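Here the structure is laid out as structure tokens; the discussion comes afterwards.
The values are calculated or read from the model by the stated rules, or taken from the named source; none is laboratory data. If you're wondering where the values come from, they're calculated on a predicted model, not measured in any experiment. Glycine also receives a Cβ, built like all others from the backbone with ideal geometry; neighbour counts cover every protein chain displayed. Protein only, heavy atoms only, side chains kept; ligands, DNA and RNA dropped before computing areas. Shrake-Rupley method; radii C 1.70, N 1.55, O 1.52, S 1.80 Å.
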Amino acid sequence: MGPSIRTLVQVEGVVQGVGFRPYVYSLATRLGLAGHVGNNGAGVFIEVEGPPPRIRDFLALLEQDAPPLARIDAVRTTAIEPGGGAGFSIVPSEPGGPRQALVSADSATCADCLAELADPGDRRFGYPFINCTNCGPRFTIVRDVPYDRPLTTMAGFALCAACATEYHDPADRRFHAQPVCCPACGPRLQLLDASGSEVPADPIIAAAALLAVGDVLAVKGLGGYHLAVDAGSETAAAALRARKHREDKPFALMAADLEAARGLCEIDQTAALLLTSRRRPIVLLPRLHGGDGTGVAQAVAPGTRQLGVMLPYSPLHHLLLRELGRPIVLTSGNTSDEPIAYDDKDALDRLAGIADGFLAHDRPIHMRTDDSVVRGFRGREMVIRRSRGYVPEPVRLRAPLARPVLGCGAELKNTFCLGKDFSAFVSHHIGDLENYETFRSFTEGIAHYRRLFDVTPQVVAHDLHPEYLSTKYALECEDVELVAVQHHHAHIASCLADNGEEGPVIGVAFDGTGYGTDGTIWGGEFLVADLAGFSRAGCLAPVPLPGSAAAIRQPWRMAAAYLCAAYPDGPPDGLDVIRRNADRWDAVLAVARSGVNSPLTSSAGRLFDAAAAVLGVRDAINYEGQAAVELEQLADPAELGGYPARIEEIEEVAGTERREQLRVIGADLIRAVVDDMRGGVGPAIVAARFHNGVANAIARTCAILRARTGLGVVALSGGVFQNLLLLDRTATRLEADGFCVLVHGRVPPNDGGISLGQVAVAAARDRLAGEPAH
């Protein structure tokens, strides 16, 4: 075979506990190589010795058939002196040094475990906590690192002899699977009644029976408690909605498998891949039969043409769905605006008035984690809420951070982000920072991530808004450098980081609310931006926000503001939106004109609200963005016509500087909506023409800015671009005009991506500050 060589291989970014070392052991043994493999702070180290051709084969195959949960950022090799050893082994982890090895996200039950779950001859037959190195709980049970059983919530469950044998056998797929267990040694499932007393029956059978008769069941999942009802029961879905104080916002569904999901929704190849991925997110899908999902109660998702559907991701879900035999509603275990319940006692206390029973177990959850939500867009994934199944896997950055950075995120849909080296660890979905419990979840999450990834921030980035709790948290941090990042710049920077770009680009940031550098409320912004900085090149023409926060909850107020702008001498007679709100219309107009409690806003979200109210879609909302969501669902996608909007140029004075800024006149779009309505054009056509008009205005504005700047790349970000009709029409028009268009994929376009943008901006400024002057 010729002389042997010995090579040191450092595999960086490998997640601990995903079966990579056994895979390396098996590969090396099969090729007849000597050496060893182990964990260290950077990931996995390998010393391998043998004939050069076999070493080359080993390196070529190293990533080819890696375990499903393995993630490899880099493989580095160094030639070392041959040692003349024989055999290959797995050695203990190397202690010390900076921690860079990752923690895996929770992963859906694999096919091998599902086969065992259904096999009456297997010792884990019907066991709801079956798992292996390729699947099961990870992030939600980790208390600290290194990721070993004593530092997880499985510490209280001593391995039985059979499980210990599997755990210590490198050839077994449960080798060093920290959550490994069986009925003899693992967690126990139990059904509790509403008072918390155990029900003496088979928990799965009895729980399915509760669902079958229309009861509300609290189910302990991987990241917290869910509330479940039979998805086909109108009475049960309505009861859950009333008890949870959730008037209209759609509930998510869980179907037993892909075939069952196809009975509810239209599922293309992209959607099928998303539904069956190991991440098992909620996927937003078009309903079948023109809007009525087969067998789905109307109260599940009232007034929507879509359903949020997921497939089972834990053995418990598989067993429950199999026993019931039909889809269930599965929504977060909380009342409106509260974090999901995850502690057993807290769940019993908080959900006692909602749930008729509790399907619980004694494996503690360390970190609460909501379900993730995604949509398919042009054959790829677009994340709307990034949480279970995705976190804490990092977003890899294009350039390394000079210093560790914490991005504190926004107020709504909050996430935080810790960045070091090339990695940005965007947190799980925290929620809206509007109460103590959510803020506590935010602070505890930051402390947990700092421990897991050995990050001590030297730079803390935050929003400009002085009243955001995330901003206040940042301002109280000691011994750090603070970096204030404008909200919409953070949106564009997030899109750049998501796409591995640095800019400069034309950034279009359309959302509901963001604090501007001039102290006004921005939200329909055209920026010329890179990661380090931006200039405001244009915006939607500002209009009053009558009653301030009240106008966000009551879109008819924005209709009043926009109709006033569209018709200075008064709108046409007979508009239904005026008739429906006649008792308050004049008073609200007076407030808007006076400027008292009516700040100016360029918000794109409020423009969509105005269109929805004028069109009769909705005068008041019960959840964020509801009017815009329903306007999108109303629009006829076959309609290609669009309303015109003027683009004006104004001279803006900023200190001693004068600069030209573009203004898109949104009132023109509202006037066109009124004209078509009065002409008898159907609402679905009007809604589509409004969307197309906004897309046309964006494309025309970007074309003007390209002529001025020479930039040919456009980044689209902000919560308004969750609207797939608008996103598709905008991207199509821009691409037809020769632009390269960047959209979000790995992190949300909404405020859930703000923290990544803050880290990217702070890091870019840090790099610039460290560069020598020329």
Give me the extension gain from ASP343 to ALA736: residue separation times 0.36 nm, minus the current Cα-Cα distance, reported in nm with one decimal. 136.3 nm
ASN131 long-range amide H proximity, modeled H, under 5 Å: CYS181
Rounded percent of accessible protein surface that carbon and sulfur make up, the chain, 1.4 Å probe: 52 percent
Tail weight of P(r) past 17 Å, computed on alpha-carbon pairs of the stretch 117-159, percent: 42 percent
Return the sequence-ordered ³J(HN,Hα) values of the stretch 702-707 in whole Hz as given by the Karplus equation 6.51 cos²θ - 1.76 cosθ + 1.60 applied to θ = phi - 60°, using x for Gly and Pro. 5, 5, 5, 5, 5, 4
R0 = 22 Å: FRET efficiency of ALA118 with ALA206, Cβ-based, nearest 0.05? 0.60
Looking at the stretch 125-205 from every direction and averaging, what is the projected area of its Cα convex hull in nm²? 6.6 nm²
ALA105 long-range amide H proximity, modeled H, under 5 Å: GLU393
Ranking by accessible area, most exposed first, for THR443, THR235, THR276 with a 1.4 Å probe: THR235, THR276, THR443
From the cross-link list LYS249/LYS345; LYS249/LYS472; LYS220/LYS244; LYS413/LYS472; LYS244/LYS413; LYS220/LYS345, which pairs have alpha carbons spaced over 24 Å apart? LYS249/LYS345; LYS249/LYS472
Which log10 I(q)/I(0) values, to two decimals, does the stretch 377-433 give at q = 0.12, 0.15, 0.23, 0.26 Å⁻¹ under the Debye formula with one point per Cα? -0.32, -0.49, -0.95, -1.06
Relative to the Cα centre, what is the charge dipole magnitude of the chain, using +1 at the beta carbon of each Lys and Arg, -1 at the beta carbon of each Asp and Glu, and rounding to the nearest 20 debye? 720 debye
Could you give log10 I(q)/I(0) at q = 0.18, 0.20 Å⁻¹ for the stretch 569-658, computed by the Debye formula over C-alpha point scatterers of equal weight, without solvent? -1.10, -1.24
Set the Förster distance to 60 Å, then compute FRET efficiency between ALA161 and TYR436 from the Cβ-Cβ distance, nearest 0.05. 0.80
Projecting the Cα atoms of MET254, TYR127, PHE175 onto the charge dipole of the chain, where Lys and Arg contribute +1 and Asp and Glu -1 at Cβ, the residue farthest towards the positive end is PHE175
Between helix 315-324 and the chain, what is the angle of the helix's C-alpha long axis to the longest principal axis, kept within 0 to 90° and rounded to the nearest 10? 70 degrees
What three numbers, in Å, describe the spread of the alpha carbons of the stretch 350-475 along their principal axes, ordered from the longest? 53, 40, 29
Size of the dipole of the stretch 223-332 about the Cα centre, Lys and Arg at +1 and Asp and Glu at -1 on the beta carbon, nothing else charged, in debye to 20? 340 debye
Residue-normalised accessible area of the stretch 232-271, given per residue in Å² at a 1.4 Å probe: 48 Å²
With R₀ set to 60 angstrom, the calculated FRET efficiency between the beta-carbons of GLN190 and ARG553, to the nearest 0.05, is 0.90
Built amide H within the under 5 Å cut-off of ILE5, gap 5+: GLY50
So if a site counts as exposed when it's one of the chymotrypsin sites (Phe, Trp or Tyr not before Pro), its DSSP state isn't H, G, I, E or B, and it has at most 14 other Cβ atoms within 10 Å, what's the longest stretch of the chain without one? 126-622
If one puts a single equal scatterer on every Cα of the chain and applies the Debye formula without solvent, what log₁₀ I(q)/I(0) results at q = 0.05, 0.09, 0.10 Å⁻¹? -0.28, -0.88, -1.07
Using the alpha-carbon atoms, what tilt in degrees (0 to 90, nearest 10) does helix 203-212 show relative to the longest principal axis of the chain? 20 degrees
With a/c under 1.5 counting as rounded, go ahead and sort the stretch 235-320 into rounded, prolate or oblate using the C-alpha gyration tensor (a ≥ b ≥ c being the square roots of the eigenvalues; past the cut-off, prolate if a/b is larger than b/c, else oblate). oblate
Summing -39500 (n - 2.57) over every DSSP H run of at least 4 residues in the chain and dividing by its residue count gives a helix-only mean residue ellipticity at 222 nm, to the nearest 500 deg cm²/dmol, of -9500 deg cm²/dmol
Computed Rg/Rh for the stretch 629-725 (Cα atoms; Rh = Kirkwood radius) stands at 1.05
Take GLU234 and ASP573, extend 7 Å from each Cα along the Cα→Cβ direction, and tell me the distance between the two endpoints in nm. 4.2 nm
Where the eigenvalues come from the Cα gyration tensor of the stretch 544-696, what are the semi-axes √(5λ) of the equivalent ellipsoid, largest first, in whole Å? 24, 20, 15
Ratio Rg/Rh, restricted to the stretch 420-545 and using Cα atoms, in which Rh is the Kirkwood radius: 0.98
Each label point is 7 Å from the Cα along the Cα-to-Cβ direction; what then is the distance between the points at GLU502 and ASP257, in nm? 5.0 nm
Specify the angular offset, from 0 to 90 degrees and rounded to the nearest 10, of the alpha carbon long axis of helix 555-566 from the longest principal axis of the alpha carbons in the chain. 50 degrees
What dipole magnitude, in Debye to the nearest 20, does the stretch 626-685 give about its Cα centre under +1 on Lys/Arg Cβ and -1 on Asp/Glu Cβ? 140 debye
Hydrodynamic calc, the stretch 38-169: Kirkwood Rh from Cα pairs, then Stokes-Einstein at 37 °C with viscosity 0.692 mPa s, so D in µm² s⁻¹ is 185 µm²/s
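Indicate the gyration tensor shape class of the stretch 170-329 (rounded, prolate or oblate), computed on the Cα atoms with a ≥ b ≥ c the square roots of the eigenvalues: a/c under 1.5 is rounded; otherwise a/b larger than b/c is prolate and the rest oblate.
Note, shape of the stretch 170-329 comes out oblate.
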